[in-house]
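A.B. asks: Pasting a structure here, questions to come.
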Amino acid sequence: SINLLCKIASVSKSGYYSWLNRKLSEKEIDIINLIKQQYWEKQGKSGYRRITMDLRRKLKLVINHKKVQRIMREYGLKAIIRKNNNCKNHVKAQRKSENWTIAPNTLNGDFSSYQTGKIYSTDVTYLKLKNRKTYFLSAIKDLSSGEISAYSISDKHDINLILDTINQLTEISDNCIIHSDRGALYSSFRYIQKLREKGITRSMSEAGKPTQNAPIESFFGHLKDEVDYKKCNNFSELKDKIDNYVYYYNTSRYQWNKKMLTPIEVKEYLLSYNSCPF
């Protein structure tokens, strides 16, 4: 009964009916419609944090993230959550061979950096298109700003893909570190030699622990959530989508844990003031 439910919730019966029959103001209705608009524009792939940032930065709306979260919950606007990858087979394949040249985990889970070109995170992910053709995306992320500093796409998962990405790095500070997983390509002689030429030190995650390379894994996860790459028919279409997304990610995708600044905004601040804005 209503009486029992009100007692459990510790609210008065009159208070419940007042809440039930309340009328929303025009301002509240506008806010709800804006949240719905932002949600459906991103095809249901944005959570309350991203929608809050869009409302604040793009629409200059002063709104608390808890209010956005409450409204989304009330209207059933749930963000699509990607599935966790099962890496058991990958770990088994790694453990079969112990002759790789493994580097220590220098970062040890500390991804904080306030100097551009100082600490990078890199990895490769696969993208399967509509025609069942698989391409591979290699990317490097600057941990100081969150910018994707280099990326390359190929139909082959080989050392040339990795080296092409490394060759795109133009900002390399003293004692620069690049972190990767223990994949065979990141343990190859050509990769090690290329890093030595550029004066970059390697750091590697422990086997079977993808969270130790979380920054670049996060980028790949967002990309796969927000880019309809599976609808591409060929390499050209895929490259256009990836090019556009990386540009958007660097220049327009706000970062919740960095005062809602874009990677390029953080980078410009670090270069201008040599200090951290958050």
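A.B. asks: Please sort 231-238, 46-53, 32-39 by packing, taking for each peptide the average over its residues of neighbouring beta carbons within 10 angstrom, highest first.
C.D. replies: Working: 231-238: 14.4, 46-53: 21.6, 32-39: 17.9.
The most tightly packed comes first, giving 46-53, 32-39, 231-238.
A.B. asks: When the chain is modelled as a GNM with alpha-carbon springs shorter than 10 Å, which of Tyr135, Tyr254, Tyr186 fluctuates the most?
C.D. replies: Taking springs between Cα atoms under 10 Å, the residue moving most is Tyr135.
A.B. asks: Give me the percent of the accessible area of the chain that comes from carbon and sulfur atoms, probe 1.4 Å, all protein chains in place.
C.D. replies: Values: 8130 of 16360 Å².
So the carbon and sulfur contribution to the accessible surface is 50 percent.
A.B. asks: Continuing with the same structure: Please state the relative contact order of region 177-278 as a whole percent: Cα pairs under 8 Å, 6+ residues apart?
C.D. replies: Numbers: 76 pairs, mean separation 15.8, N = 102.
Reported relative contact order: 15 percent.
A.B. asks: Net charge near Met204, counting Lys/Arg +1 and Asp/Glu -1 over other residues with Cβ under 13 Å of its Cβ? Walk me through the numbers on the way to the answer.
C.D. replies: Working: positive: Arg182, Arg202, Lys209; negative: Asp123, Asp181, Glu206.
Net charge around Met204: 0.
A.B. asks: Report Lys60's accessible area, 1.4 Å probe, all protein chains in place, as a number in Å² to the nearest 10.
C.D. replies: Approximately 150 Å² for this residue.
A.B. asks: Given contacts defined as C-alpha pairs under 8 Å and at least six residues apart, what's the relative contact order of region 135-211, whole-number percent?
C.D. replies: Details: 99 pairs, mean separation 18.8, N = 77.
That works out to 24 percent.
A.B. asks: So what is the relative contact order for the chain, in percent, with contacts set as C-alpha pairs under 8 Å and at least six apart? Mind showing how you got there, number by number?
C.D. replies: On the way: 377 pairs, mean separation 48.0, N = 278.
Here the relative contact order equals 17 percent.
A.B. asks: Same structure, new question: How would you rank 216-228, 112-124, highest first, on the average number of other Cβ atoms within 10 Å across their residues?
C.D. replies: Final packing ranking: 112-124, 216-228.
A.B. asks: Stretched out fully, how many nm does the piece from Glu237 to Arg70 gain, at 0.36 nm a residue minus the Cα gap? Provide the component values of the computation, followed by the final result.
C.D. replies: On the way: separation 167, 0.36 × 167 = 60.12 nm, distance 3.84 nm.
Stretched fully, the Glu237-Arg70 segment lengthens by 56.3 nm.
A.B. asks: Determine, for each peptide in 189-197, 161-169, the mean count of other beta carbons within 10 angstrom over its residues, then list the peptides with the highest first.
C.D. replies: Values: 189-197: 13.4, 161-169: 17.9.
Averaged packing, sorted descending, gives the order 161-169, 189-197.
A.B. asks: How much accessible area per residue does the chain have, counting only protein heavy atoms and a probe of 1.4 Å, in square angstrom? List each step's numbers first, then the result.
C.D. replies: Values: 16360 Å² over 278 residues.
Normalised by residue count, the accessible surface of the chain is 59 Å².
A.B. asks: So, R0 is 45 Å and r is the distance between the beta-carbons of Glu26 and Asn257; what FRET efficiency does that work out to, to 0.05?
C.D. replies: Working: r = 34 Å, r/R0 = 0.75.
About 0.85, to the nearest 0.05.
A.B. asks: Here's something else I'd like to know. Tell me which label goes with the value of Cα extents along the principal axes in Å computed from the coordinates here: (1) 58, 52, 31; (2) 75, 45, 39; (3) 68, 40, 32.
C.D. replies: Identified label for the calculated read-out: (2).
A.B. asks: What FRET efficiency, computed as 1/(1 + (r/R0)^6) with R0 = 35 Å and r the Cβ-Cβ distance, is obtained for Ile2 and Lys60, rounded to the nearest 0.05? Walk me through the numbers before you get to the answer.
C.D. replies: Working: r = 42 Å, r/R0 = 1.20.
Calculated transfer efficiency: 0.25.
A.B. asks: In whole Hz, with x marking every Gly and Pro, tabulate ³J(HN,Hα) for region 114-123 from phi via Karplus 6.51 cos²θ - 1.76 cosθ + 1.60, θ = phi - 60°.
C.D. replies: With coefficients 6.51, -1.76 and 1.60, one gets 10, 10, 5, x, 9, 10, 10, 10, 9, 5 Hz.
The values are calculated or read from the model by the stated rules, or taken from the named source; none is laboratory data. Because the structure is predicted, anything quoted here is derived from the model rather than measured. Using ideal geometry, Cβ is built from the backbone for each residue, glycine included, and neighbour counts are taken over all protein chains shown. Surface areas here come from the heavy atoms of the whole protein model, side chains and all, with no ligands, DNA or RNA. Shrake-Rupley method; radii C 1.70, N 1.55, O 1.52, S 1.80 Å.
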